[in-house]
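The values are calculated or read from the model by the stated rules, or taken from the named source; none is laboratory data. Just so it is clear, the model here is predicted, and its values are computed rather than measured. We place every Cβ from the backbone using ideal geometry, glycine too, and count neighbours over all the protein chains shown. Heavy atoms of the whole protein, side chains included, go into the accessibility calculation; ligands, DNA and RNA do not. Shrake-Rupley method; radii C 1.70, N 1.55, O 1.52, S 1.80 Å.
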Amino acid sequence: MCEVRLTEKCTTVALRYRFVFKRNENGDPTLEYLPHAVKKLEIPSTPPPEEEQKEEEVEIEEVDVKYLRSLDPKEWKKQDHYKVLGLENARIKASDEIIKTAYRKMVLKHHPDKRKAQGEEIRTDDDYFTCITMAYETLGNSIKRRSYDSVDPEFDDSLPLQSDIKQDFFKTLSFYFDLNSRWCEKKHVPKLGDLDSPREKVEYFYSFWYDFKSWREYSYEDEEDKDKCQDREERRYVDKINKAERLRKKKEEMARIRSLVDLAYNADPRIAKFKQEDKDKKLAAKKARQTAAQQKKEEEEKLLREAKLAKEKAEAEEKAKIEAKRLEREAQKKALKKERKIFRDTCKSSNYFSEKESERINNMMAVDQICEVFSALELAELNKNLKNNGKQAFAKAMSESQARIEEEKKSVLETYTQKVTEQLQNTNIANPEWTNDNLQLLIKAVNLFPAGTNQRWDVVANFLNQHGTFTENTRKFNSKMVLAKAKDLQSTDFSKNNLKEAANKQAFDNLKKEKRNVVVTADESKKIDDEKIAINGGMTNGELKQVDKPWTTQEQQLLEQALKTYPASTQERWDKIADCVPGRTKKDCMKRYKELVEIIKAKKAAQTAGGATK
């Protein structure tokens, strides 16, 4: 640890060493001495002031007796105390010792006893020696002297003229700054310098004077003397007036100093030069930024042009590829069209390779199928075979086209069946059923957790999930389900008795469904009931003696797809349709088809009747 102490006479550095507490091999405590390497450090010394203020030799002048006799002791406060003591030229430069010496000299020469011994007539109450005494009491006391120096009548408070500043800036303003530097609280005041002064010193000079702190105060000019006041209130009032007046004069003084600094700053040629240099630097920097921005802009424009050219080139290549593909497709279409025409003409000229009228119609339909299924190359090959083999080649092509159509239908049906099966597997988990027990729990939970409960419907759903009855593949209740059911039962008013009636009615309907072994959702049940009412001439579920197993949405979709795949001309149509709908027989499919036909007819009749009414 090193400690450096800087003093006026410091020439060395004090070093501290440390001792470390350790234990030796035997475990005994030891104190180990760890020295530090000695480093040489440069100790900065206090820089000498620019100009040391040397005490000038002050001469004590002889005071004119006529002047002293003209003084009025009652007006001593308005007199020039330095002139009374013979220090008119020295003034603020006179030291305390010089003032004491001047006073002793004046006492030896002008004391009333001395003058009386010389035969001079002395007026006891109106002698000028009183002015000498008061001058010494004022200048001999540091506080009173500072107060008097602040309002020294010989000090020039004026500011320089613009003409003088323009004529010789440095000489004129150096005089005024040196003159006002006497009021500075700091000892060392920077000088104005000259035209070659560096920028740092110039900036420091103006910064110092703009933050100038003056010790000048104006208590010597107080209008009233507090000691002459009769009571405390009057003294406070007088003190308040004097403080306000001092503050006003102090502000005027600081404004004067600030005006002097502003005059110098605005007229200083060095400041103008510095501003021009800064302006040139800013312009150079701005120009450099503009140049860089222009270069960047040009580079970006170049990149954009290159990107545009590349894009246009790519687009042109893409258009060329598309055009080539289009031409290729057009050529293929023309070739296909040509081969189809040849094929049709050949078949037509050969009477479609048939001897009977029924066979001719079937072969004409086969010609269209072959044209749709075969490609241009296959048709060209077929046209060659027709010239050689005739009917045998046509029969082979007809059977091949029929096989392709059947294979395509089968593939589409298998894909659709697989998709529907996956959907059924993904939707095995059904929504929770509102049984009688669950409805009673809902009523209980709503009463337990009234309106205003924090996250009420989440709490009710949790209550139902904890105490309700569920099957294996059933979802849990959530807040949306619970709120929707509550609104359906009683419009969010759970205090009336008809809520229980609605719950009991729902429970009874659920019981009837369980006995009929019908497991459907509420929406599907409503849809099926509507369909059955239309099919059975307006009979409701309660009026039906027997209810068939309802068709689910997935089964309905499979049935519709099978009906499209196997048209009416297909042999064993309903057997193939029944194979496409798992869990349904041929009879169920035919019956469902008839029901749908009747529903569609009823809807059309209703629409027709409605249009006629309008």
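With respect to the numbered conditions (1) acidic (Asp, Glu); (2) open to solvent by 60 Å² or more (accessible area, probe 1.4 Å); (3) farther than 20 Å from ASN180 by Cβ, which one is the sole condition not fulfilled by GLU252?
Just one mismatch for GLU252, condition (3).
Which condition from (1) under 23 Å from ASP149 (Cα atoms); (2) touching a Lys or Arg at 6+ places or on another chain (Cβ under 8 Å); (3) at pLDDT below 85 is the one that GLY86 breaks?
Single failed check for GLY86: (3).
What is the one condition in (1) over 22 Å from ALA90 (Cβ atoms); (2) part of a loop (DSSP other than H, G, I, E, B); (3) among the aliphatic types (A, V, I, L, M) that LEU173 does not satisfy?
With (1) over 22 Å from ALA90 (Cβ atoms); (2) part of a loop (DSSP other than H, G, I, E, B); (3) among the aliphatic types (A, V, I, L, M) applied to LEU173, the lone miss is (2).
Within the range 118-139, how many residues are open to solvent by less than 20 Å² (accessible area, probe 1.4 Å), within 15 Å of LEU68 (Cβ to Cβ) and touching a Lys or Arg at 6+ places or on another chain (Cβ under 6 Å)?
Qualifying residue count for the region: 1.
Anything in the range 156-167 that is open to solvent by less than 20 Å² (accessible area, probe 1.4 Å) and under 30 Å from SER95 (Cα atoms)? List them, or say none.
Looking only at the range 156-167, we keep the residues that are open to solvent by less than 20 Å² (accessible area, probe 1.4 Å), and these are 160, 165.
The answer is PRO160, and nothing else.
Taking into account only those residues within the range 445-504 that are part of a helix (DSSP H, G or I) and modelled with pLDDT under 75, which is nearest to TRP434 (Cα to Cα)?
ALA503
For the range 512-611, give me every one of the helices (runs of 4 or more DSSP H) that falls completely inside it and has 2 or more residues that are farther than 30 Å from GLU407 by Cβ and either modelled with pLDDT of 85 or more or open to solvent by less than 50 Å² (accessible area, probe 1.4 Å) (or both).
Where helices (runs of 4 or more DSSP H) fall fully within the range 512-611 and carry at least 2 residues being farther than 30 Å from GLU407 by Cβ and either modelled with pLDDT of 85 or more or open to solvent by less than 50 Å² (accessible area, probe 1.4 Å) (or both), they are 522-535.
Of the numbered conditions (1) surrounded by 15 or more Cβ atoms within 10 Å (Cβ to Cβ); (2) of a type in the set (Ser, Thr, Tyr); (3) under 30 Å from GLU97 (Cα atoms), SER142 fails exactly one; give the number of that condition.
All conditions are met except number (1).
State whether one or more residues within the range 87-109 are open to solvent by less than 20 Å² (accessible area, probe 1.4 Å), in contact with a helix residue (DSSP H, G or I) (Cβ under 8 Å, 6 or more places away or on another chain), farther than 22 Å from GLU217 by Cα and among the small types (Gly, Ala, Ser).
no
Have a look at PHE177, PHE170, PHE205 and point out the one that is open to solvent by less than 70 Å² (accessible area, probe 1.4 Å), under 15 Å from ASP268 (Cα atoms), touching an Asp or Glu at 6+ places or on another chain (Cβ under 8 Å) and of a type outside the set (Lys, Arg).
PHE170
Take the residues in the range 23-36 that are modelled with pLDDT of 65 or more and surrounded by 10 or more Cβ atoms within 10 Å (Cβ to Cβ); name whichever of them is farthest from the chain's Cα centre (by Cα).
Of everything passing the filter in the range 23-36, THR30 is farthest from the chain's Cα centre (by Cα).
Can you run down the residue pairs with Cβ atoms below 6 Å, 6 or more apart or on separate chains, where the first is in the range 121-134 and polar (S, T, N, Q) and the partner is open to solvent by less than 60 Å² (accessible area, probe 1.4 Å)?
Listed by first residue and then by second, the contacts come to THR130/PRO73.
Right, GLU323: over 30 Å from LYS384 (Cα atoms), of a type in the set (D, E, K, R) and open to solvent by less than 90 Å² (accessible area, probe 1.4 Å) or not? Step through it out loud before you land on a result.
Details: over 30 Å from LYS384 (Cα atoms): yes; of a type in the set (D, E, K, R): yes; open to solvent by less than 90 Å² (accessible area, probe 1.4 Å): yes.
Criteria met by GLU323.
Limited to the range 338-363, what total is found for residues that are within 20 Å of GLN402 (Cβ to Cβ) and surrounded by fewer than 12 Cβ atoms within 10 Å (Cβ to Cβ)?
The number of residues fulfilling the criteria is 2.
List the pairs whose first member sits in the range 244-258 and is modelled with pLDDT under 90, whose second member is of a type in the set (Gly, Ala, Ser) and part of a helix (DSSP H, G or I), and whose Cβ atoms are under 7 Å apart, counting only residues at least 6 apart or on separate chains?
Pairs found: ARG246/SER219.
Cβ contacts < 7 Å: first residue under 15 Å from PHE208 (Cα atoms) and of a type in the set (A, V, I, L, M, F, W, C), restricted to the range 168-182; second residue open to solvent by less than 40 Å² (accessible area, probe 1.4 Å) and in a loop (DSSP other than H, G, I, E, B), any location; separation 6+ or different chain. Result?
From the range 168-182, the pairs are PHE177/LEU192.
Report, ordered by the first and then the second residue, all pairs with beta carbons closer than 7 Å, sequence separation of six or more or different chains, a first member in the range 187-201 that is surrounded by 15 or more Cβ atoms within 10 Å (Cβ to Cβ), and a second member that is among the hydrophobic types (A, V, I, L, M, F, W, C).
Within 7 Å, the pairs are PRO190/PHE205; PRO190/PHE208; LEU192/PHE170; LEU192/LEU173; LEU192/PHE177; LEU192/PHE205; GLY193/VAL202; GLY193/PHE205.
Can we say GLU355 is over 24 Å from THR565 (Cβ atoms) and outside any helix (DSSP H, G or I)?
Spelling it out, GLU355 is indeed over 24 Å from THR565 (Cβ atoms) and outside any helix (DSSP H, G or I).
What are the residues in the range 382-391 that are part of a helix (DSSP H, G or I) and surrounded by 12 or more Cβ atoms within 10 Å (Cβ to Cβ), if any?
Kept after step one, since they are part of a helix (DSSP H, G or I), are these residues of the range 382-391: 382-389, 391.
Selection gives LEU382, ASN383, ASN385, LEU386, ASN389, LYS391.
Pick out the one residue from ALA335, ALA366, ALA316, ALA376 that is surrounded by 10 or more Cβ atoms within 10 Å (Cβ to Cβ) and either more than 30 Å from GLN402 (Cβ to Cβ) or touching a residue at least 60 places away in the same chain (Cβ under 8 Å) (or both).
It is ALA316.
Before we move on, is CYS184 farther than 21 Å from LEU85 by Cβ, modelled with pLDDT of 85 or more and either surrounded by 14 or more Cβ atoms within 10 Å (Cβ to Cβ) or under 60 Å from the mean Cα position of the chain (by Cα) (or both)?
Answer is yes for this residue.
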